[in-house]
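Everything below concerns the one structure shown next.
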Amino acid sequence: MGHTYKRNYDRYTLAFKLRAVKLANHPNVKTKDIAEGLGIHPVMLYRWCMEHRNGTLVENKHMKKQKPSPKRVNPPPDSEAAAEDELAKAKKRIKDLEKQLNARQEEIDLLKKARRFFEKNRDQFSIKRLCLFFGVSRSGFYAWLARPTSVHRQYDETLKCVIVELHQGYRRAYGAPRVHQALRQQGLSCSRRRVNRLMRALEIKASTTGLYAWRPGQHAFYSSAGNQLKGSNAPTGCGQQWAGDFTYLKTRTGWLYHAAIIDLFSRRVVGWSFSSRRNSELTKSALRMALLNEAPAPGCLFHSDQGIEYAAHDYRELLEMAGMVRSMSRKGNPLDNAAMESYFHTLKAELVHKRLFDTKVQAVSEIIHYMMFYNSERLHSSLGYQSPEDYEKLSA
């Protein structure tokens with residue numbers, strides 16, 4: 001004889017329905033079992049689940065509304081106590097069902113772990129001992145091993161083979177979103193979450209994964225100086241505003257890095273350095289040379305981009321010892337340091353792009369010779385077509 005359900009309309013509150021729907025959505029328990037445990041009809045629980053998905057789940061439509069009595073405002077004590085007792089029983093049933101669900105899930109996880117452990121250690125330990133250790137029966141374990149593969153698992157294996165072929169065919173560049181679309185174009189129905197799970201199991205991922213990482217606090221570290229140059233007035237004399245940057249040049253013996261510092265008043269190169277390695281020592285050497293050759297005014301503004309070579313603590317300390325104020329370009333805005341970009345553009349257009357240096361020593365010699373010409377002879381349109389040195393003499 002099947003389970004009988006007593007029709008009762010005055011106890012199904014919205015909170016009760018939501019808890020029932022939450023239990024019914026558990027993947028390892030049947031909805032019918034949940035309904036029997038709560039003492040409601042399965043059809044009613046199915047309807048609650050459908051209304052919850054549609055966003056129309058409300059209080060029970062048939063819930064009786066008590067009419068206020070002129071003599072007694074509060075409900076009778078007996079009915080209030082009965083309602084509280086019924087609510088306590090419902091909460092206890094829900095709690096018991098949640099414990100059963102958790103126990104069922106733990107058993108499933110335990111069997112999965114046990115199978116992997118059994119496969120690795122069957123030669124060392126007996127099945128009887130392993131089953132005793134994991135708290136499962138031998139007959140249950142063997143029955144679980146002999147259980148045929150489900151249709152869902154078989155389809156997973158089919159999808160895995162196709163995913164591996166797609167991933168290799170697209171040069172291992174596709175991630176789960178594009179692999180999902182490629183599977184759908186081949187007529188294989190699956191969700192994106194399923195593709196994510198299968199790709200994790202296969203340990204394959206997009207080629208762009210890991211190239212860029214979000215680092216909390218990095219933006220604050222680089223932008224702590226701010227773009228002081230943008231809001232300042234144009235310099236009226238030498239040593240008031242400097243700008244620095246570095247570039248790389250190709251030679252037959254490898255790459256050569258070149259750092260330079262110019263005075264924004266006259267565009268004269270006041271310091272430079274060369275190195276085969278890109279590090280803070282490259283930029284610090286250029287700054288040391290500039291400080292030896294020139295005497296910047298107190299509070300001289302030094303502007304650069306957000307490279308780590310200029311944000312390094314050693315470089316900051318060197319600027320502070322010289323009494324200079326740091327200024328940095330905004331992220332992704334190279335035109336904030338337009339004067340340095342213009343200098344390197346001119347250097348490469350007039351010297352570097354016309355030839356390939358045989359050695360790094362030759363490149364250093366040629367660039368230093370060009371900087372001498374750049375400071376003393378080359379006419380600058382921003383200076384009224386005068387050389388930097390002539391412009392400084394006329395402004396003195």
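The values are calculated or read from the model by the stated rules, or taken from the named source; none is laboratory data. These figures come from a predicted structure and were not determined experimentally. When we count neighbours, we look across all protein chains shown, and the Cβ atoms used for this are built from the backbone with ideal geometry, even at glycine.
Structural remarks
- Selection over segment 183-201 of residues that are surrounded by 12 or more Cβ atoms within 10 Å (Cβ to Cβ) and either at pLDDT below 90 or outside any helix (DSSP H, G or I) (or both) gives a count of 2.
- Qualifying residue in segment 343-355 (condition: within 24 Å of GLY239 (Cα to Cα) and of a type in the set (Gly, Ala, Ser)): no
- HIS3 being more than 23 Å from ALA103 (Cα to Cα) and either at pLDDT 75 or above or touching a Gly at 6+ places or on another chain (Cβ under 8 Å) (or both): no
- Qualifying residue in segment 375-393 (condition: small (Gly, Ala, Ser), on the phi > 0 side of the Ramachandran plot and in a loop (DSSP other than H, G, I, E, B)): yes
- Every pair of residues 6+ apart whose Cβ atoms lie under 7 Å, when the first sits in segment 133-144 and is under 18 Å from ARG104 (Cα atoms) and without any contact (Cβ under 8 Å) to a residue 12 or more places away in the chain while the second is of a type in the set (A, V, I, L, M, F, W, C) and assigned to a helix (DSSP H, G or I): SER137/CYS131
- Some residue of segment 237-257 being under 16 Å from VAL364 (Cα atoms), among the β-branched types (Val, Ile, Thr) and either part of a helix (DSSP H, G or I) or in contact with a strand residue (DSSP E or B) (Cβ under 8 Å, 6 or more places away or on another chain) (or both): yes
- Considering only residues in segment 361-389 that are more than 18 Å from TRP272 (Cα to Cα) and touching a residue at least 60 places away in the same chain (Cβ under 8 Å), the one that is surrounded by the fewest Cβ atoms within 10 Å (Cβ to Cβ) turns out to be SER382.
- Filter result (touching a residue at least 40 places away in the same chain (Cβ under 8 Å) and surrounded by 12 or more Cβ atoms within 10 Å (Cβ to Cβ)) within segment 348-360: LYS348, VAL352, PHE357, THR359, LYS360
- Across segment 44-59, the qualifying residues are those that are in a loop (DSSP other than H, G, I, E, B) and more than 35 Å from the chain's Cα centre (by Cα), and the one among them that is farthest from LYS17 (Cα to Cα) is THR56.
- Hits in segment 283-315 (condition: over 17 Å from CYS238 (Cα atoms), modelled with pLDDT of 90 or more and surrounded by fewer than 18 Cβ atoms within 10 Å (Cβ to Cβ)): SER285, ARG288
- The single residue among TYR155, TYR142 that is surrounded by fewer than 16 Cβ atoms within 10 Å (Cβ to Cβ), at pLDDT 90 or above, part of a helix (DSSP H, G or I) and more than 26 Å from the chain's Cα centre (by Cα) turns out to be TYR155.
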